[in-house]
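Engineer: The structure under discussion is supplied below as structure tokens; questions concerning it will follow.
What follows is calculated from the coordinates using simple rules that are stated; it is not laboratory data. Small disclaimer: the values here were computed from a predicted structure and weren't measured. Don't worry about glycine lacking a Cβ; one is built from the backbone with ideal geometry, like all the others, and counts go over all protein chains shown.
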Amino acid sequence: MNSLVQTAAGYIKNILARSFKRAPTERVLVVYDRQSGLASLMADAYHEAIPDGWFIDFDQAGEAGVRAALDELKQGDLVILVQSTSFRLNEFRIRIELFARKLKTIEHVHLNRMPEAQWATWIETLSFNPEEGGETGRKLKAILDRAQTITMECGDLQLTWNGGMEAAKMNIGDYTGMENIGGTFPIGEIFTEAKVLERTNGALKIYAFADQDFLVKFYEPFTAIVKDGLIEAGPDAPKEFFEVLDKIRLDERAIVREFGLGLNAAISRYKPLADITAFERVLGPHLSLGEKHGVYKKPGIPTKSRYHVDVFPAADRILADGKVIYDGTRFLP
């Protein structure tokens, strides 16, 4: 356990130096709980990494104590949230209020979803840095932003996005020029979606998706078919996938929206994480099903759509305008 604390503390120091470029005058407030083993471990790691930090146990301080602490901070200070579930000061997560106050933020959520066997993998995700991994992300963004056709191959199956993609967004720990500095860690992702959602067609294999409890469930890769952007379960799909699609269709279309590329090499199909928020950074592609994807606005899709279900294709290759950018194990931008 002590070695995990030391390892995490080292990665935290790198994050503060590389991504947040912390100045000696900037205060750091760490709000934590000890309701889960991983949250407790990370609280200890932050104590180790930031000896001059200000630490508050959320369960002891309560909402009033946390608000009082936030009121003492100035714009540009850093707030770190170590949460077994998700802290709230009102109906919104605290992070929304922190950005409104112009405070930098590192947020760790749902740490209670990771069993002890996954703690070391989760901590290793913090090693992602905005130099090496970020450079891959920047190159991929340039490719995706100009590509007219994206093709994903899963064995003999192909899924194709035609007509270009929206301007890709990056989550790589480089906050240069951004209004809000920070976000949810672990990081390491670039994402976009088709300019015209209905111009996505073909078939793919899926090896994992999130259940209704936001836990990642793994399966022998099964078939799904996409026609004019809408996805159907193949005959070999598990009953749970049929149930997910049926639930989406009660309220909206089961349409493919997000096209995401996870960049965090600490996570893989064979080194998984149970929490979907963390596993979404897995090295390789992921897609979202359902109409909810608030980053991009589309005609005819309500801003308050309900469903954004992440699925993970068993992709052997991804090509952009015929050029291979993913070979099943790594990105080749």
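Engineer: When a/c reaches 1.5 or more, the comparison of a/b and b/c decides; with that in mind, is the stretch 1-43 rounded, prolate or oblate per its Cα gyration tensor?
Structural biologist: Numbers: a/c = 3.18, a/b = 1.55, b/c = 2.05.
In terms of gyration-tensor shape, oblate.
Engineer: Sticking with this structure for a sec: Which whole number of Å³ per residue matches the convex hull of the alpha-carbon atoms in the stretch 179-288?
Structural biologist: Values: hull volume 13.6 nm³, N = 110.
Per-residue hull volume (Cα only) is 123 Å³.
Engineer: Sticking with this structure for a sec: How long are the semi-axes of the equivalent ellipsoid of the stretch 255-333, defined as square roots of 5 times the Cα gyration tensor eigenvalues? Whole Å, largest first.
Structural biologist: Details: eigenvalues 119, 58, 16 Å².
The equivalent ellipsoid of the stretch 255-333 has semi-axes of 24, 17, 9 Å.
Engineer: Let me ask something additional. Output the relative contact order of the chain, whole-number percent, from Cα pairs under 8 angstrom with separation of 6+ residues. If you can, show how the numbers build up before the last one.
Structural biologist: Details: 712 pairs, mean separation 50.6, N = 333.
Worked out over the chain, it gives 15 percent.
Engineer: Angle, helix 37-49 long axis vs. longest principal axis of the chain, Cα atoms, 0 to 90°, nearest 10?
Structural biologist: Roughly 60 degrees, rounded to the nearest 10.
Engineer: In sequence order, what are the phi-derived ³J(HN,Hα) couplings for the stretch 17-26 according to the Karplus relation 6.51 cos²θ - 1.76 cosθ + 1.60 with θ = phi - 60°, rounded to whole Hz, with x for glycine and proline?
Structural biologist: Computed from phi, the couplings for the stretch 17-26 are 7, 7, 8, 9, 6, 4, 8, x, 7, 7 Hz.
Engineer: Next question. Taking 8 Å as the Cα distance limit and 6 or more residues as the minimum spacing, I'd like the relative contact order of the stretch 187-333 as a percentage. Can you show the working numbers first?
Structural biologist: Details: 301 pairs, mean separation 34.8, N = 147.
Across the stretch 187-333, relative contact order equals 24 percent.
Engineer: Report, as a whole number in µm² per second, the diffusion coefficient that Stokes-Einstein gives for the stretch 199-239 at 25 °C and 0.890 mPa s using the Kirkwood radius over alpha carbon pairs. Show your work: numbers first, answer last.
Structural biologist: On the way: Rh = 10.9 Å.
For these conditions, the coefficient is 225 µm²/s.
Engineer: Can you compute the equivalent ellipsoid semi-axes for the stretch 139-180, i.e. the square root of 5 times each eigenvalue of the Cα gyration tensor, sorted largest first and rounded to whole Å?
Structural biologist: Numbers: eigenvalues 151, 30, 12 Å².
Value: 27, 12, 8 Å, ordered largest first.
Engineer: On to the next question. What is the pair-distance distribution P(r) of the chain, computed from all Cα-Cα distances in 20 Å bins starting at 0, with each bin given as a whole percent?
Structural biologist: Once binned at 20 Å, the Cα pair distances of the chain give 31, 57, 13, 0.
Engineer: Pop a pseudo-label 7 angstrom from the Cα along the beta-carbon direction at both Lys169 and Arg146 and give the gap in nm to one decimal.
Structural biologist: Each label point is offset 7 Å from its Cα along the Cβ direction, giving 2.4 nm.
Engineer: Hey, with R₀ at 35 Å, roughly what FRET efficiency would Lys21 and Thr303 work out to, going by the Cβ-Cβ distance, to 0.05? Working shown, then result.
Structural biologist: Numbers: r = 34 Å, r/R0 = 0.98.
It comes out at approximately 0.55.
Engineer: Each label point is 7 Å from the Cα along the Cα-to-Cβ direction; what then is the distance between the points at Asp246 and Arg67, in nm?
Structural biologist: Distance between the two pseudo-spin positions: 4.5 nm.
Engineer: Quote the charge dipole size of the stretch 173-330 about the Cα centre in Debye, to the nearest 20; the model charges only the Cβ of Lys and Arg (+1) and of Asp and Glu (-1). Please list the in-between numbers first.
Structural biologist: Working: 21 positive and 24 negative charges, 52 e Å.
Here the size comes out at about 260 debye.
Engineer: Still on this structure, I have one more. Work out, in µm²/s and without decimals, the Stokes-Einstein translational diffusion coefficient of the stretch 82-187 at 20 °C, 1.002 mPa s, Rh from Kirkwood over C-alpha pairs. Let's see the in-between values first.
Structural biologist: Working: Rh = 16.8 Å.
Taking Rh from Cα pairs, D becomes 128 µm²/s.
Engineer: On to the next question. Let me have the relative contact order for the stretch 64-214, percent, based on Cα pairs under 8 Å that are six or more residues apart. Present the calculation step by step, with values, prior to reporting the outcome.
Structural biologist: Numbers: 207 pairs, mean separation 33.2, N = 151.
Averaging sequence separation for qualifying contacts and normalising by length gives 22 percent for the stretch 64-214.
Engineer: Right, something else. Per the helix-only calculation at 222 nm, which mean residue ellipticity applies to the chain, given -39500 (n - 2.57) for every DSSP H run of n ≥ 4 and division by its residues, nearest 500 deg cm²/dmol?
Structural biologist: Values: 8 runs with 87 residues, N = 333.
Helix-only estimate at 222 nm: -8000 deg cm²/dmol.
Engineer: Okay, next question. Which one, Ala23, Tyr11, Tyr270, is farthest towards the positive end of the dipole of the chain when Lys and Arg carry +1 and Asp and Glu -1 on their Cβ?
Structural biologist: Comparing the listed Cα positions along the dipole, Ala23 ranks first.
Engineer: While we're on this one: Using the Cα gyration tensor of the stretch 1-134, with a ≥ b ≥ c the square roots of its eigenvalues, what is the shape: rounded (a/c below 1.5), prolate (a/b larger than b/c) or oblate (neither)? Mind showing how you got there, number by number?
Structural biologist: Details: a/c = 1.64, a/b = 1.18, b/c = 1.39.
Judged from the Cα gyration tensor, the stretch 1-134 comes out oblate (a/c at least 1.5, b/c at or above a/b).
Engineer: Estimate the FRET efficiency between Asp327 and Lys195 by the formula 1/(1 + (r/R0)^6), using the beta-carbon distance for r and 25 Å for R0, to the nearest 0.05. Write out the running numbers ahead of the final one.
Structural biologist: Numbers: r = 26 Å, r/R0 = 1.04.
Result of the calculation: an efficiency of 0.45.
Engineer: Students often forget the sequence filter, so: which lysines lie under 21 Å Cα-Cα from Lys195 once same-chain residues fewer than 8 apart are removed?
Structural biologist: Those lysines meeting the cut-off are Lys139, Lys141, Lys169, Lys227, Lys292, Lys297, Lys298, Lys304, Lys323.
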